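Since the structure comes first, as structure tokens, the remarks are kept for the end.
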Amino acid sequence: MDWLREQWARRPWWMNLMLLFCAYMAVVYVPWDLFVKPAEVDEEVWFGVRFHGTAAKIAAVPHWIIYALGTVGFFGMKRWMHPWAAVYLAQVTIAFIVFPWLYGPGMPGSLIASIASGLVWGGITYAMWQARARFSED
């Protein structure tokens, strides 16, 4: 248990959540998405644009790589994670701002969703950008 406590103490709570999310996505969800889910119902989102079918399967491969690297990078607090984790989170922020405009309920719901999502994910992106000192030497 001491080892586990030491591991959790290496990063702030929100970064521990990102580690768990990356691990889940890399080990459970994306493999299921790629190899079990039928292409006809598959969807992936990049920069707020939704991809379907075969395009979604292709777009899932870079997601899988990113989540696998995120798992390794967050677990080891690897120096190479900065700035790349923040860059990916900036893409997520853009996606959460754009997606409601493209696929949302219309105004004013899309505007409210875009602002709220942009603030939340923008804050996480900013926190990640500021966390450079937390990442160690390789």
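The values are calculated or read from the model by the stated rules, or taken from the named source; none is laboratory data. Please read these numbers as outputs of a predicted model, since none were measured by experiment. As a convention, Cβ positions derive from the backbone with ideal geometry for all residues, glycine included, and neighbour counts pool all protein chains shown. SASA here: full protein model, heavy atoms, side chains in, ligands and nucleic acids out. Shrake-Rupley method; radii C 1.70, N 1.55, O 1.52, S 1.80 Å.
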Expressed as a whole-number percentage, the relative contact order of the chain with C-alpha contacts under 8 angstrom and at least six residues apart is 24
Note, LEU17: beta-carbon cut-off 15 Å, +1 each Lys/Arg, -1 each Asp/Glu, net +3
Carbon and sulfur atoms account, in whole percent of the 1.4 Å probe accessible area of the stretch 9-128, for 79
Label model pair GLN7, HIS52: point-to-point distance (7 angstrom along the Cα→beta-carbon line) in nm is 4.1
Expressed per residue, the solvent accessible area of the chain in Å² (1.4 Å probe) is about 61
Kirkwood Rh over alpha-carbon pairs of the chain plugged into Stokes-Einstein at 20 °C, 1.002 mPa s gives a D in µm²/s of 132
Ratio for the stretch 65-109, C-alpha Rg to 2.2 N^0.38 Å, reads 1.57
What the 5 Å binned alpha carbon P(r) of the stretch 6-70 shows, as percent of pairs per bin from 0, is 4, 18, 23, 21, 15, 8, 6, 4, 1
With +1 on the Cβ of every Lys and Arg and -1 on the Cβ of every Asp and Glu, the dipole magnitude of the chain about its Cα centre, in debye rounded to the nearest 20, is 360
Any helix of the chain counts here only if DSSP assigns it H throughout, its Cα atoms span 27 Å or more along the axis, and its mean Kyte-Doolittle hydropathy is at least 0.5, and such helices are 53-76, 81-103, 109-130
